[in-house]
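The values are calculated or read from the model by the stated rules, or taken from the named source; none is laboratory data. Because the structure is predicted, anything quoted here is derived from the model rather than measured. Here the Cβ positions follow ideal geometry from the backbone for every residue, glycine too, while neighbour counts run over all protein chains shown. All accessible areas refer to the heavy atoms of the entire protein, side chains included, with ligands and DNA or RNA removed. Shrake-Rupley method; radii C 1.70, N 1.55, O 1.52, S 1.80 Å.
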Amino acid sequence: MKGGNYYRFRGRPLSAALITLCFTTILLWACEKNPSITTLLTGQDQFTWPSSEFHANAVNSSSVSMRPKGHIEEKSSENITAEETNEPVEANLGAQLTNFTTWYTPEKKETDWDHTFSTKRKVCNYAKGSWVADSRRPLYSGFACKQWLSEMWACRLTQRSDFSYEGYRWQPKDCEMPEFERSAFLRRMQDKTIAFVGDSLGRQQFQSLMCMATGGELSPEVEDVGRKYGLVKPRGAKRPDGWAYRFPETNTTILYYWSSTLADLEPLNISDPTTDIAMHLDRPPAFMRKHLHGFDVLILNTGHHWNRGKLRANRWVMYANGKPNEDRKLAPMANAKNFTVYSVAKWLDSQLPYHPRLKAFFRTISPRHFRNGDWNTGGSCDNTTPLTGGSEVSQDRSSDEVVESAVRGTRIKLLDITAVSELRDEGHISRYSIRENAGINDCLHWCLPGIPDTWNELLAAQV
């Protein structure tokens with residue numbers, strides 16, 4: 001009996017050690033598999049730079065080609081449209097790129113998750129398919145949707161006479177994409193809030209959805225609830241920071257908040273109207289942090305405002321870790337943009353477990369179609385014949401590698417519209433702009449009704 005007791009007591013430390021080892025192994029496995037656990041890291045730990053070099057052509061964000069991954073050629077993200085700034089722009093930004101963030105490795109080996117991701121994309125890749133003629137288009141009238149549609153984007157109100165770009169719909173190759181029907185959509189979105197946060201292309205998508213949800217008809221019953229979100233026009237401002245509207249019949253709210261870079265902007269001296277603005281690259285907009293709990297669908301986008309002219313015109317000063325940026329690797333605009341895209345995606349993914357009903361999307365960049373110059377050097381997009389560059393997208397991966405990579409492995413969905421829109425160069429406002437910069441082609445924004453309607457159809461199919 002004494003010998004038995006001795007061996008029993010002797011075995012207890014060994015059992016405890018085995019239990020501790022098993023527990024530690026399980027914990028380490030969980031940390032690796034669960035991205036939300038990374039929120040326990042400090043901000044400095046999360047935003048570090050790798051030793052490998054990042055290829056410049058993969059992130060330059062002004063225009064995205066249709067070439068397969070590894071052969072993407074994009075125009076300089078320093079190029080901007082006349083409506084953004086009259087400042088001269090810098091060229092060849094891509095040549096300045098050296099390194100990128102620790103989350104993006106263009107040639108990384110495929111993991112188990114990547115295999116699952118690729119398989120799912122092959123089964124249902126909404127960005128792979130073709131444009132087909134459809135006599136039932138457009139989904140609303142560009143004449144009638146004056147309540148929601150900005151005059152500068154309503155090409156039916158301009159001198160343009162060819163509207164053949166309106167008569168096409170996108171048909172995914174391997175996916176069922178039901179026709180958009182506004183009543184059914186609003187019923188499906190009952191008691192839900194859809195929020196667009198991004199630049200003027202995000203505002204186009206917001207206005208498009210408002211026109212689609214109302215059929216472009218005058219809808220006096222739709223309630224302006226912008227004040228609830230602090231979206232009111234400040235004194236002396238051209239416009240508010242956004243808009244929000246509620247459909248009382250279904251209690252559906254659709255809103256837009258202007259955040260052209262997705263970086264948090266903070267005046268350094270709130271009492272001085274000419275103060276510099278701290279542009280926190282590693283911090284999402286305060287509006288999004290404040291109202292995230294009230295959103296059911298969130299669509300982010302950025303890309304075209306990352307340029308030196310915009311930085312100077314708005315007195316933005318890049319900040320990281322709560323102070324002016326001192327990291328020279330973040331100084332190039334493309335690096336700063338990509339760093340912000342990744343940091344916002346990482347933050348949002350860390351919040352999604354606390355908001356289980358929220359479906360988050362990151363929309364890829366909308367392509368520009370300037371030819372023979374840029375907006376300020378005689379560039380134009382005069383083509384009015386649809387699909388002169390082809391009608392089909394056959395690639396499996398997105399043309400916007402940065403956004404695709406930023407959301408990979410997260411709970412954020414990719415709203416991939418880049419290659420789909422690349423084929424539609426005839427759908428831009430072109431020389432028919434009625435803005436003050438007459439004579440300058442707008443080959444960035446789209447006519448409405450038009451291509452952004454398809455973005456919303458792709459969104460509705462994936463919500």
On full extension of the chain, what length is gained from residue 144 through residue 266, given 0.36 nm per residue of separation minus the C-alpha to C-alpha distance?
-> 40.0 nm
Which of the GluC sites (Glu not before Pro) found in the range 158-215 are in a DSSP loop and have at most 16 neighbouring Cβ atoms, other than their own, within 10 Å?
-> 176, 179, 181
Would you work out what percent of the accessible area of the range 340-463, with all protein chains in place, is carbon or sulfur (probe 1.4 Å)?
-> 44 percent
What's the extension gain from residue 176 to residue 315 if we count 0.36 nm per residue and subtract their Cα-Cα distance?
-> 45.4 nm
May I ask for the distance between the Cα centers of the range 308-324 and the range 183-244, given as a whole number of Å?
-> 29 Å
Summing +1 per Lys or Arg and -1 per Asp or Glu among the other residues with Cβ less than 12 Å from residue 358's Cβ gives +3
Treat every Asp and Glu Cβ in the range 133-195 as -1 and every Lys and Arg Cβ as +1, leave all other atoms uncharged, and give the resulting dipole magnitude about the Cα centre to the nearest 20 debye.
-> 160 debye
